[in-house]
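Chemist: Would you mind keeping the following structure in view while I ask a few things?
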Amino acid sequence: MRADPRRHIPGTDTLLASPEFADALRSLDRHTVKSAVVRAQQLARTGQITPGEVADVALMSLGTAGSTIRTVLNATGVLVHTNLGRAPLSRAAVDAVCRAAGHTNVEFNLSSGSRDRRGRGALDALAAAVPAAEDVHIVNNNAAALLLCALAMAEGGREIVVSRGEMVEIGDGFRIPELLESTGARIREVGTTNRTRLADYAAALGPDTAFVLKVHPSNYRIEGFVADVPLAELATLDVPVVADIGSGLLAPHPMLPDEPDAATAVRSGAALVTASADKLLGGPQAGLLLGKHVLVDKLRRHPSARALRVDKLTLAALESTLREPPVPVAARLDTDPTELRGRAATIAERLSAAGIDAHAVESHATIGGGGAPGRWLPSAAVSLPESVAPRLRTAEPAVVGRLEHSRCLLDLFAVTPDSDTALIEVVRRCMS
Ligand SMILES: *Cc1c(COP(=O)(O)O)cnc(C)c1O
């Protein structure tokens with residue numbers, strides 16, 4: 001007869017004294033950590049988890065303490081998924097956020113003992129990353145960057161000239177033209193959905209023109225009989241051109257040849273470039289503004305700039321993202337598909353060995369709302385029965401996959417290799 005496995009459940013004091021729990025005990029009070037251990041031991045006693053899983057389950061449940069925001073393993077195959085918090089921060093950026101969490105020198109010069117420019121470090125890092133830009137500014141997100149352009153440059157109901165092919169809805173019902181009009185500025189549409197020429201822009205310019213806005217169609221593609229005007233040609237017009245490049249690439253990326261980048265946009269003559277920091281740049285939510293000093297300065301001094309400014313945690317994460325590459329998004333983009341296939345095979349094998357209906361399949365990942373629409377990247381996934389999807393979503397950590405042909409695919413493109421063990425454990429728990 002086999003010995004009762006419940007006898008092997010590790011004791012509370014043994015677990016709390018083990019090095020695995022040192023971090024949790026540093027950041028949380030002892031009572032919270034102990035309760036999590038007791039709950040996990042109870043799960044083992046009732047046979048819901050194995051004794052060997054007690055420590056992991058206790059530690060994972062602590063991840064949820066005090067906040068309803070939980071850890072999710074993004075197995076959707078969408079690298080920058082807006083519903084899942086877009087870019088994951090690098091370890092260095094997380095450390096920077098932790099350092100900034102208490103009192104910090106976000107707006108204070110420690111050598112002189114006097115007030116300093118807010119977020120100087122992040123601003124300097126951004127300026128250094130795009131030397132072609134005369135000046136830079138950081139706001140809450142790309143939408144805020146566009147809002148500030150409209151408020152400061154198109155005040156008094158002046159006109160913003162936009163191509164009909166670039167009237168973009170960015171998500172959740174929010175539309176860039178409506179965002180701009182909410183400031184009192186007027187949108188002057190030019191061209192047609194599929195074709196807009198330089199002459200269309202030129203004909204629309206007048207004394208009321210504030211600027212021409214060029215929006216990158218980051219979540220759709222118009223194909224066929226199309227024409228749009230390159231930035232360099234727009235820049236020959238006699239008004240400032242604001243380029244919303246969306247994804248936040250600061251320099252061209254070899255795998256994303258159609259994705260605009262800030263350095264090229266500035267060099268092509270954009271007076272201002274706006275971008276998100278939490279898409280392909282791989283940083284925290286923020287809006288980047290780069291371009292001509294006179295305009296950046298005007299935006300920075302506008303009264304509403306104060307309402308759009310970012311907090312110290314964002315500044316810390318952004319500076320680290322810029323100064324300490326590579327960040328996870330860039331590393332995921334650079335991953336060799338062969339490596340993904342190898343990981344999928346290993347995970348599927350280990351699950352099959354545990355009697356689970358799992359196999360490795362070829363897959364295709366996308367960048368997401370953040371860029372490169374219509375571009376598929378080779379990837380690999382672990383295919384599971386569809387019925388496990390809801391259990392995976394409510395597990396700890398939560399796993400969100402993709403439903404395809406009545407199977408639940410766990411695409412590994414956006415999953416870092418160091419999460420593979422956790423992924424296997426969660427699937428095993430959900431399917432036993
Ligand atoms: C994502 C995106 C936005 C919105 O950016 P947020 O940072 O989410 O405010 C605006 N324009 C384009 C082209 C985008 O791709």
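Chemist: Among the residues of the range 129-155 satisfying the criterion of being in a strand (DSSP E or B) and touching a strand residue (DSSP E or B) at 6+ places or on another chain (Cβ under 6 Å), which is nearest to the ligand (Cβ to nearest atom)?
Modeler: First pass over the range 129-155, keeping only residues in a strand (DSSP E or B): 135-139.
Pick out the ones that are also touching a strand residue (DSSP E or B) at 6+ places or on another chain (Cβ under 6 Å) and you get 136-137, 139.
Numbers: 136: 16, 137: 14, 139: 9 Å.
Across the range 129-155, the extreme among qualifying residues is 139.
Chemist: Just wondering, is there one or more residues in the range 344-366 that are open to solvent by less than 20 Å² (accessible area, probe 1.4 Å) and in contact with a Phe, Trp or Tyr (Cβ under 7 Å, 6 or more places away or on another chain)?
Modeler: yes
Chemist: May I ask you to list the residues in the range 349-362 that are part of a loop (DSSP other than H, G, I, E, B) and touching a Ser or Thr at 6+ places or on another chain (Cβ under 6 Å)?
Modeler: 358
Chemist: Any idea which residue in the range 173-185 is nearest to the ligand (Cβ to nearest atom), counting only those that are farther than 27 Å from residue 80 by Cβ and surrounded by fewer than 17 Cβ atoms within 10 Å (Cβ to Cβ)?
Modeler: Out of the qualifying residues, it is 181.
Chemist: So which residues in the range 382-403 are of a type in the set (Gly, Ala, Ser) and either open to solvent by 20 Å² or more (accessible area, probe 1.4 Å) or under 30 Å from residue 250 (Cα atoms) (or both), if there are any at all?
Modeler: Result: 387, 401.
Chemist: OK, next. Only one residue in 230, 254 is out of contact with any helix residue (DSSP H, G or I) (no Cβ under 8 Å at 6 or more places or on another chain) and without any contact (Cβ under 8 Å) to a residue 12 or more places away in the chain. Which one? Step through it out loud before you land on a result.
Modeler: On the way: 230 fails: without any contact (Cβ under 8 Å) to a residue 12 or more places away in the chain.
Of the residues listed, the single one that is out of contact with any helix residue (DSSP H, G or I) (no Cβ under 8 Å at 6 or more places or on another chain) and without any contact (Cβ under 8 Å) to a residue 12 or more places away in the chain is 254.
Chemist: Of everything in the range 192-226, what is part of a loop (DSSP other than H, G, I, E, B) and hydrophobic (A, V, I, L, M, F, W, C)? Give them in sequence order.
Modeler: 205, 222, 225, 226
Chemist: Report, by residue number, each residue of the range 186-224 that is hydroxyl-bearing (Ser, Thr, Tyr) and either open to solvent by 30 Å² or more (accessible area, probe 1.4 Å) or away from the ligand (no atom under 16 Å from the Cβ) (or both).
Modeler: First, the residues of the range 186-224 that are hydroxyl-bearing (Ser, Thr, Tyr): 192-193, 196, 201, 209, 218, 220.
Within the range 186-224, 192, 193, 196, 201, 209, 220 meet the criteria.
Chemist: Here is a further query. Pick from the range 5-43 the residues that are small (Gly, Ala, Ser) and closer than 11 Å to residue 55 by Cβ: which of them is surrounded by the fewest Cβ atoms within 10 Å (Cβ to Cβ)?
Modeler: My answer is 18.
Chemist: Looking only at the range 161-172, filter to residues that are over 19 Å from the mean Cα position of the chain (by Cα) and within 14 Å of the ligand (Cβ to nearest atom); which one of those is surrounded by the most Cβ atoms within 10 Å (Cβ to Cβ)? Don't jump to the end; show me each part of the working.
Modeler: Filtering the range 161-172 for residues over 19 Å from the mean Cα position of the chain (by Cα) gives 161-168.
Now narrow it down to the ones that are within 14 Å of the ligand (Cβ to nearest atom): 162-163, 165-168.
Details: 162: 27, 163: 25, 165: 22, 166: 21, 167: 16, 168: 19.
Taking the candidates together, the pick is 162.
Chemist: Among the residues of the range 72-115, which ones are of a type in the set (Ser, Thr, Tyr) and exposed (fewer than 13 other Cβ atoms within 10 Å of the Cβ)? Break it down stepwise before answering.
Modeler: Initially, the range 72-115 is screened for residues of a type in the set (Ser, Thr, Tyr), giving 76, 82, 90, 104, 111-112, 114.
Listed by number, the residues that qualify are 111, 112, 114.
Chemist: Moving on. Can you pull out every residue in the range 228-239 that is under 15 Å from residue 197 (Cα atoms) and surrounded by 13 or more Cβ atoms within 10 Å (Cβ to Cβ)?
Modeler: Pass one, the range 228-239, residues under 15 Å from residue 197 (Cα atoms): 228-237.
The answer is 228, 229, 231, 232, 233, 234, 235, 237.
The values are calculated or read from the model by the stated rules, or taken from the named source; none is laboratory data. Here the structure is a predicted model, which is why all the values come from computation and not from measurement. A quick note on method: Cβ atoms are made from the backbone with ideal geometry, for glycine too, and the neighbour counts reach across all protein chains shown. The protein model used for the area step is the full one, side chains on, heavy atoms only, and it has no ligands, DNA or RNA in it. Shrake-Rupley method; radii C 1.70, N 1.55, O 1.52, S 1.80 Å.
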